[in-house]
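Notes to accompany the following structure.
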Amino acid sequence: MTFYDELLDSGRSGSEARVRIERKADRAVVTLEDPEKLNVLSAPLVAQLKAGLQDLVADRAIRAIVLTGSDPAFSVGGDLRMMDQAPAALAAPEGTTDIWRWIRYEFGAIARLIARSDTAFVAAINGAAAGVGLAWALTCDLAIASERARLVPAFGRLGLLPEVGTSWALTRRLGYQGAFAFYAGGEHLDGRRAKELGLVHEVVEHEELLATADEWCTKIAALPAHSIAMTKPLLRAAADASWDHTLAIEEFAEPQCFTTEAFQRSVKNLLIAR
């Protein structure tokens, strides 16, 4: 049995609930639930989160998902005990590719679910967010921070790289030098500083965090379902595309919206209101 297989077995055999999912009609709140360990990304938590998100994004009734942590942290990232065991995989036939499988098919799979699904994701950052936990928060379509939030660049101190899409997110929001300074400097950013730098959209009082995230879910649910599903890939592609390419994508995509009942009804209502 490889190291990756052992991690999968450990994750699937975990008996304690590490993720709490609350469905509310057209939305869901997904809470990482291991507060005593600051919601560290143990194998059971990752397995439960991946399975839970796969189920939610497959449900077309769920329009928005709030991802948060159980106080006092959002998630401090990877499990150090798991990392301590990783070098043993180097002696196995699969070598480092076994660790790659865990990073790609578990950590990375969750990031891809967030980015590629038709469902809107709102990160409600309630405390420290580090490592892969930070990566998932930055991957969400919208990030809201409480006054207690801390964005922590822990990877450099551990001798790791920005991971699971973090380098992409940081360079596009901070530029090369800003991303390098965040990585090399190791400064913990509070919510207000993160907002100044463009890493989060909004900062609110801690007690208002989930209510604010829910308000965004209401705004999202008020839009026609196809508009969010089509806008997510459009905006994400635009980050890497030229102006001409982006314009062409919009030109091809927009006519599809004209055929929807929601668009036609909206136009008729506006004409009646005139």
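The values are calculated or read from the model by the stated rules, or taken from the named source; none is laboratory data. As the structure is a computational prediction, the values presented were derived from the model and not from experiment. Here Cβ is always computed from backbone atoms with ideal geometry, including for glycine, and neighbour counts include all displayed protein chains. We work out accessible area using only protein heavy atoms, side chains counted, and drop any ligands, DNA or RNA first. Shrake-Rupley method; radii C 1.70, N 1.55, O 1.52, S 1.80 Å.
From the list L7, L45, the one residue that fits, being within 27 Å of D118 (Cα to Cα) and in a helix (DSSP H, G or I), is L45. In the set (1) free of Cβ contacts under 8 Å to residues at least 24 places away in the same chain; (2) open to solvent by 70 Å² or more (accessible area, probe 1.4 Å), the condition left unmet by T246 is number (2). Residues that are touching an Asp or Glu at 6+ places or on another chain (Cβ under 8 Å), of a type in the set (K, R) and touching a residue at least 60 places away in the same chain (Cβ under 8 Å) are absent from the range 1-20 altogether. Restricting E94, E208, E187, E163 to those that are among the acidic types (D, E), at pLDDT 95 or above and either within 22 Å of I228 (Cβ to Cβ) or open to solvent by 10 Å² or more (accessible area, probe 1.4 Å) (or both) reduces the list to E208. Among the residues of the range 5-24, is any open to solvent by less than 10 Å² (accessible area, probe 1.4 Å), at pLDDT below 85 and acidic (D, E)? No, the range 5-24 contains no residue that is open to solvent by less than 10 Å² (accessible area, probe 1.4 Å), at pLDDT below 85 and acidic (D, E). Only one of the listed residues (I103, I99, I65) is touching a strand residue (DSSP E or B) at 6+ places or on another chain (Cβ under 6 Å) and either assigned to a strand (DSSP E or B) or of a type in the set (A, V, I, L, M) (or both). That residue is I65.
Candidates are the residues of the range 28-50 that are open to solvent by 30 Å² or more (accessible area, probe 1.4 Å) and of a type outside the set (A, V, I, L, M); the one that is nearest to A120 (Cα to Cα) is K50. Tallying residues that are under 27 Å from H201 (Cα atoms), among the β-branched types (V, I, T) and modelled with pLDDT under 90 within the range 216-269 yields 2. In the set (1) assigned to a helix (DSSP H, G or I); (2) of a type in the set (D, E); (3) in contact with a Ser or Thr (Cβ under 9 Å, 6 or more places away or on another chain), the condition left unmet by D55 is number (3).
Does the range 55-77 hold any residues that are within 27 Å of P224 (Cβ to Cβ) and acidic (D, E), and which are they?
Residues satisfying the conditions are D55, D59.
Quick one: in the range 262-274, which of the residues that are of a type outside the set (K, R) and over 16 Å from I228 (Cβ atoms) is least open to solvent (accessible area, probe 1.4 Å)?
Taking the range 262-274 first, the residues of a type outside the set (K, R) are 262-264, 266-267, 269-273.
So of that shortlist, the ones also over 16 Å from I228 (Cβ atoms) come out as 264, 267, 269-273.
On the way: Q264: 83, V267: 57, N269: 89, L270: 120, L271: 107, I272: 133, A273: 86 Å².
Checked the range 262-274; the qualifying residue least open to solvent (accessible area, probe 1.4 Å) is V267.
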